[in-house]
Amino acid sequence: MKRELFSWHSPALNKEMPVAVYGHYGFALLMIPTAAADFLEYERFQLLEIMRPWIEAGKLKVYSINSINTESWMHPDMDGAHKAIRHNQFNTYVYNEVVPFIHSNASPETPIYTSGASFGALHSMNLFLKRPDLLQGVLALSGVYELTEYTKGYWDEQVYFNSPMHYMPNLANHDLLEEIRRSQHIHILTGSGAFEDPTSSGRFAKILYDKGIRYNLDVWGSEWPHDWNTWKAMLPHYLEHKL
């Protein structure tokens, strides 16, 4: 499996940001890490090895980026307003730097689907919903789509505008909604085992339904906890049958 590492100094984040790229061609799967993890997390937990058959067959090319959660919502001492600013800088980094990088590394016509587990699921869903003109779909694993789960009580309009469970019920921009509705790949996956919250996924799916947005909600059984074994089963299943 072809593996390349890239890095550049991000103007949006004012720091060096690496990207791991796996594969030769296929649609782009942009992977957002969990919690405080980095761009090699999915490789370390052998998710890339499990995806190897589809990557080597040219079905997809994986782009795995760093999170900056420890510099925003997971920073123990940072003021809430500054956390929100940093979060928005991360969004800008993805839209203005990562997406053009993917298009230059592949082609401008390459569809990009975001994906991530846990906190990465929230980020991947939020990134897609805010810019469906740049991102064509999302595969979210074991997410809770309320940013307030991570803000320790802090609330401002930027929390609202990055919390899909809050802003989607009120979204009235016709053009943006139509762009979201065109996506064939809005996949919300969750287990029902330990530390999973399938009711959150269900509530969020209902919001999409009420907006006329097509989605796929897939709730796995109680034997599937909030853990890597679940995600290592979910992702290849969707690569084989849904994407």
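The values are calculated or read from the model by the stated rules, or taken from the named source; none is laboratory data. Predicted, not measured: the structure shown is a model, and the values here were computed from it. Every residue, glycine as well, gets a Cβ built from its backbone with ideal geometry; the counts of neighbours run over all protein chains shown.
Filtered by the rule that a residue be free of Cβ contacts under 8 Å to residues at least 60 places away in the same chain, in contact with a helix residue (DSSP H, G or I) (Cβ under 8 Å, 6 or more places away or on another chain) and part of a loop (DSSP other than H, G, I, E, B), the stretch 46-87 gives SER67, ILE68, SER72, HIS75, MET78.
Among the residues making up the stretch 128-177, those that are farther than 28 Å from LEU235 by Cα and of a type in the set (Asp, Glu) are ASP156, GLU157, ASP175.
Go through the stretch 24-39 and report how many residues are of a type in the set (A, V, I, L, M) and at pLDDT 95 or above.
Here is the first cut: in the stretch 24-39, the residues of a type in the set (A, V, I, L, M) are 28-32, 35-37.
When the remaining residues are screened for being at pLDDT 95 or above, the result is 28-32.
The number of residues fulfilling the criteria is 5.
Within this structure, LEU189 passes the test of being buried (at least 22 other Cβ atoms within 10 Å of the Cβ), over 25 Å from HIS75 (Cβ atoms) and touching a helix residue (DSSP H, G or I) at 6+ places or on another chain (Cβ under 9 Å).
Determine whether HIS24 is closer than 27 Å to SER142 by Cα and not aromatic (Phe, Trp, Tyr). Walk me through it before giving the result.
Numbers: closer than 27 Å to SER142 by Cα: no; not aromatic (Phe, Trp, Tyr): yes.
Answer is no for this residue.
Within the stretch 6-23, is there a residue that is among the small types (Gly, Ala, Ser), in contact (Cβ under 8 Å) with a residue 40 or more places away in the chain, part of a strand (DSSP E or B) and farther than 14 Å from GLY120 by Cβ? Looking for residues that are among the small types (Gly, Ala, Ser), in contact (Cβ under 8 Å) with a residue 40 or more places away in the chain, part of a strand (DSSP E or B) and farther than 14 Å from GLY120 by Cβ, one finds at least one in the stretch 6-23, hence yes.
In the stretch 34-41, is there at least one residue being under 17 Å from the mean Cα position of the chain (by Cα), among the aromatic types (Phe, Trp, Tyr) and farther than 24 Å from SER163 by Cβ? Before the answer, list the steps.
Keep residues of the stretch 34-41 that are under 17 Å from the mean Cα position of the chain (by Cα), which gives 34-41.
Now restrict to residues that are among the aromatic types (Phe, Trp, Tyr): 39.
If we keep only those that are farther than 24 Å from SER163 by Cβ as well, we get 39.
For the stretch 34-41, residues under 17 Å from the mean Cα position of the chain (by Cα), among the aromatic types (Phe, Trp, Tyr) and farther than 24 Å from SER163 by Cβ: present.
Could you list all residues from the stretch 17-45 that are out of contact with any helix residue (DSSP H, G or I) (no Cβ under 6 Å at 6 or more places or on another chain) and of a type in the set (Val, Ile, Thr)? Those that are out of contact with any helix residue (DSSP H, G or I) (no Cβ under 6 Å at 6 or more places or on another chain) and of a type in the set (Val, Ile, Thr): VAL19, VAL21. Scanning the stretch 193-211 for residues that are surrounded by fewer than 16 Cβ atoms within 10 Å (Cβ to Cβ) and either farther than 23 Å from LYS130 by Cα or not basic (Lys, Arg) (or both), we see that the one that is nearest to the chain's Cα centre (by Cα) is GLY202.
Checked against (1) over 24 Å from HIS185 (Cα atoms); (2) touching a Lys or Arg at 6+ places or on another chain (Cβ under 9 Å); (3) assigned to a helix (DSSP H, G or I), ALA37 passes all but a single condition, namely (3).
Scanning the stretch 39-75 for residues that are in contact with a strand residue (DSSP E or B) (Cβ under 8 Å, 6 or more places away or on another chain) and surrounded by fewer than 18 Cβ atoms within 10 Å (Cβ to Cβ) yields LEU40, GLU43, LYS59.
Take the residues in the stretch 142-162 that are crowded, with 19+ Cβ neighbours inside 10 Å and in contact with a Gly (Cβ under 7 Å, 6 or more places away or on another chain), then tell me which one is farthest from GLY202 (Cα to Cα).
Here is the first cut: in the stretch 142-162, the residues crowded, with 19+ Cβ neighbours inside 10 Å are 142-145, 147, 150-151, 159, 162.
Still in the running and in contact with a Gly (Cβ under 7 Å, 6 or more places away or on another chain): 142, 151.
Working: SER142: 11, THR151: 22 Å.
My answer is THR151.
Taking the stretch 1-23, which residues are over 28 Å from ALA84 (Cα atoms) and either modelled with pLDDT under 95 or among the basic types (Lys, Arg) (or both)?
Filtering the stretch 1-23 down to residues over 28 Å from ALA84 (Cα atoms) leaves 1-5, 21-23.
Those that are over 28 Å from ALA84 (Cα atoms) and either modelled with pLDDT under 95 or among the basic types (Lys, Arg) (or both): MET1, LYS2, ARG3.
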